[in-house]
1. Just need a number here: residues in the stretch 6-37 that are out of contact with any Gly (no Cβ under 8 Å at 6 or more places or on another chain) and either surrounded by 12 or more Cβ atoms within 10 Å (Cβ to Cβ) or in contact (Cβ under 8 Å) with a residue 60 or more places away in the chain (or both).
2. Filter the stretch 97-107 down to the residues that are without any contact (Cβ under 8 Å) to a residue 24 or more places away in the chain and either farther than 14 Å from residue 160 by Cβ or in contact with a helix residue (DSSP H, G or I) (Cβ under 7 Å, 6 or more places away or on another chain) (or both) and list them by number.
3. Restricting attention to the stretch 99-107, does a residue exist that is small (Gly, Ala, Ser) and modelled with pLDDT of 75 or more?
4. Taking the condition closer than 30 Å to residue 160 by Cα, at pLDDT below 80 and more than 34 Å from the chain's Cα centre (by Cα), does residue 141 pass?
5. Among the residues of the stretch 58-65, is any in the same structural domain as residue 29 (by TED's automatic domain parsing), at positive phi and surrounded by fewer than 15 Cβ atoms within 10 Å (Cβ to Cβ)?
6. Among the residues of the stretch 112-162, which ones are basic (Lys, Arg) and either within 30 Å of residue 102 (Cβ to Cβ) or in a helix (DSSP H, G or I) (or both)?
7. With the structure loaded, tell me whether residue 174 is part of a helix (DSSP H, G or I), of a type outside the set (A, V, I, L, M, F, W, C), loosely packed, with under 14 Cβ neighbours inside 10 Å and at pLDDT below 80 or whether it fails that test.
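The values are calculated or read from the model by the stated rules, or taken from the named source; none is laboratory data. This is a predicted model, so every value here is computed, not measured. Backbone-built Cβ (ideal geometry, glycine too); neighbour counts: all protein chains shown.
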Amino acid sequence: MSNKPQPWERQRGEDGELEPMLWFGRFDAIYRPMGTERSLLGAVNSHRANRSEKRTISIPGAWTKAFERWDWKNRAEAWDQYERDRLNNLFQERTDAWRTNRFEDAETLRGKALELLRLPVIKRRGVDDKGEPYVIEAVPPTTLRAAAAILKTADELARITTRETLPTTEIDHTTGGKPINPNVIVVREYVDESESD
């Protein structure tokens, strides 16, 4: 296993010489952080500004020598690529986690909506096994409309999280939430004419 430092870390030359801390410090604190618009002259002037010195239009020979000897340009570009990759990976991880959570939310919403749609849609009366009468009240149309809205939200959330065009579901509440047509969500209104109080 190699202990070779990353390009942006302090280097050792082919002759075994360790990069002088003075020049590594200038590379690490001034040149590298300048980003993709960096230049050696810009680093020199940044260093001069930190020391309250006037800007210059020429690069001192010692800076040029260190720049070339310690390969500042390629090392800084390696840092830029590393940072781009790191940030892209971080963004992808967060995006994937967000999608997973939203898809789980969509599944939960869909389940809740389908539970509502399985509720009775007409008032039912009957007699149980012991001969006792019972009444099952019908769910009001507003509840069914709410269930359809929840189902639509769940489908839209799933569509967003998968970046695909997913079919939505047309629901007929009179069938306990069975799909009719895979393109739109519709909750059909009904009038229970058998119940006229």
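1. 18
2. If the condition is that a residue be without any contact (Cβ under 8 Å) to a residue 24 or more places away in the chain and either farther than 14 Å from residue 160 by Cβ or in contact with a helix residue (DSSP H, G or I) (Cβ under 7 Å, 6 or more places away or on another chain) (or both), then 97 is the only one that fits.
3. Within the stretch 99-107, one or more residues are small (Gly, Ala, Ser) and modelled with pLDDT of 75 or more.
4. Taking the combined requirement at face value, the residue satisfies it.
5. no
6. Result: 112, 118, 145, 152, 159.
7. Numbers: part of a helix (DSSP H, G or I): yes; of a type outside the set (A, V, I, L, M, F, W, C): yes; loosely packed, with under 14 Cβ neighbours inside 10 Å: no; at pLDDT below 80: yes.
Against the criterion (part of a helix (DSSP H, G or I), of a type outside the set (A, V, I, L, M, F, W, C), loosely packed, with under 14 Cβ neighbours inside 10 Å and at pLDDT below 80), residue 174 does not qualify.
To keep it simple, each residue is scored yes or no on (1) of a type outside the set (Gly, Ala, Ser); (2) within 19 Å of residue 73 (Cβ to Cβ).
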position: 7; (1), (2): yes, yes
position: 12; (1), (2): yes, yes
position: 16; (1), (2): no, no
position: 25; (1), (2): no, yes
position: 28; (1), (2): yes, yes
position: 36; (1), (2): yes, yes
position: 42; (1), (2): no, yes
position: 46; (1), (2): no, yes
position: 53; (1), (2): yes, no
